[in-house]
Amino acid sequence: MSGAFEELQAMVGQESEPQVCKDDVNKAMIRHWCEAMEDGNPLYTDEAYAKTSKYGGIVAPPQMVQAFSTPPLWPKREGKQDPFAKAVNRMGDDGYFGIVATTTTQEYLVPMRPGDQLSFKVKLASLSPEKTTRMGTGHFVTAEYTYVNQKDEAVCIQSFTVLTFKPGTGG
């Protein structure tokens, strides 16, 4: 068992401070998403239609939650690492520097509407014992993201798992 594993097991359950998303939910980003995905759902872009729905107006596609929470790629910003990033980096320090995303799930709870300001927290949800996979020997590291709107209503809960592995050790 690696030193990283024991350290990180003690971190399971730790959660980051809330991080405010850079962009509010907005119609332009919704339109771009719908065009890119070829999603013609009128709830997302047709104000007249959306007003007649149970939502009373345009809502964003729920899968867009990450689009609003993705940090800017440039200029590079240094910030405090969340527990998931700390875990992945610590595994890398012990030689588990190969990383591959394995699974993600999202549970949608409240619709996102234009003007909503989202924020999120990241929790280190779990760390598996060492496993040998075709990719290599490593650990599955799972994060849980909780996205909320400005009313502190949970919008989405997302689970995200990566395999951190030692390249060249696969079975």
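The values are calculated or read from the model by the stated rules, or taken from the named source; none is laboratory data. Computed from a predicted structure; not experimentally measured. Using ideal geometry, Cβ is built from the backbone for each residue, glycine included, and neighbour counts are taken over all protein chains shown. Calculation scope for accessible area: heavy atoms of the full protein, side chains included, ligands and nucleic acids excluded. Shrake-Rupley method; radii C 1.70, N 1.55, O 1.52, S 1.80 Å.
Tabulated data
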item: Which listed pairs, of Lys80/Lys121; Lys27/Lys151; Lys123/Lys166, have C-alpha distances above 22 Å, in listed order; result: Lys123/Lys166
item: The chain shape via C-alpha gyration tensor axes, a/c threshold 1.5; result: prolate
item: Whole-Hz ³J(HN,Hα) from phi, Karplus 6.51 cos²θ - 1.76 cosθ + 1.60, for the range 114-127, glycine and proline x; result: x, x, 4, 10, 9, 9, 8, 10, 10, 10, 6, 8, 6, 9
item: Reachable aspartates and glutamates, given that their alpha-carbon falls under 16 Å from the alpha-carbon of Lys131 and they are not under 8 places away in the same chain; result: Glu6, Asp94
item: Net charge of neighbours whose Cβ lies under 13 Å from the Cβ of Cys34, counting Lys and Arg as +1 and Asp and Glu as -1; result: -2
item: The range 1-153 - percent of accessible surface contributed by carbon and sulfur, probe 1.4 Å; result: 51 percent
item: Average projection area in nm² (convex hull over Cα atoms of the range 41-82, one quarter of hull surface); result: 4.6 nm²
item: For the chain, with +1 on Lys and Arg beta carbons and -1 on Asp and Glu, the positive-most of Gly170, Ser119, Leu8 along the dipole; result: Gly170
item: Net charge, Thr137 excluded, C-beta distance under 9 Å - Lys, Arg +1, Asp, Glu -1; result: +1
item: Per-residue HN-Hα couplings for the range 35-41 [Karplus 6.51, -1.76, 1.60; θ = phi - 60°; Hz; x = Gly/Pro]; result: 5, 5, 8, 6, 9, x, 4
item: Peptides 14-22, 134-142 ordered by average Cβ neighbours within 10 Å, highest first; result: 134-142, 14-22
item: Within-13-Å neighbourhood charge of Lys123 [Cβ basis; K, R +1; D, E -1]; result: -2
item: Spacing of the two label points (7 Å from each Cα toward its C-beta) at Tyr108 and Lys131, in nm; result: 2.8 nm
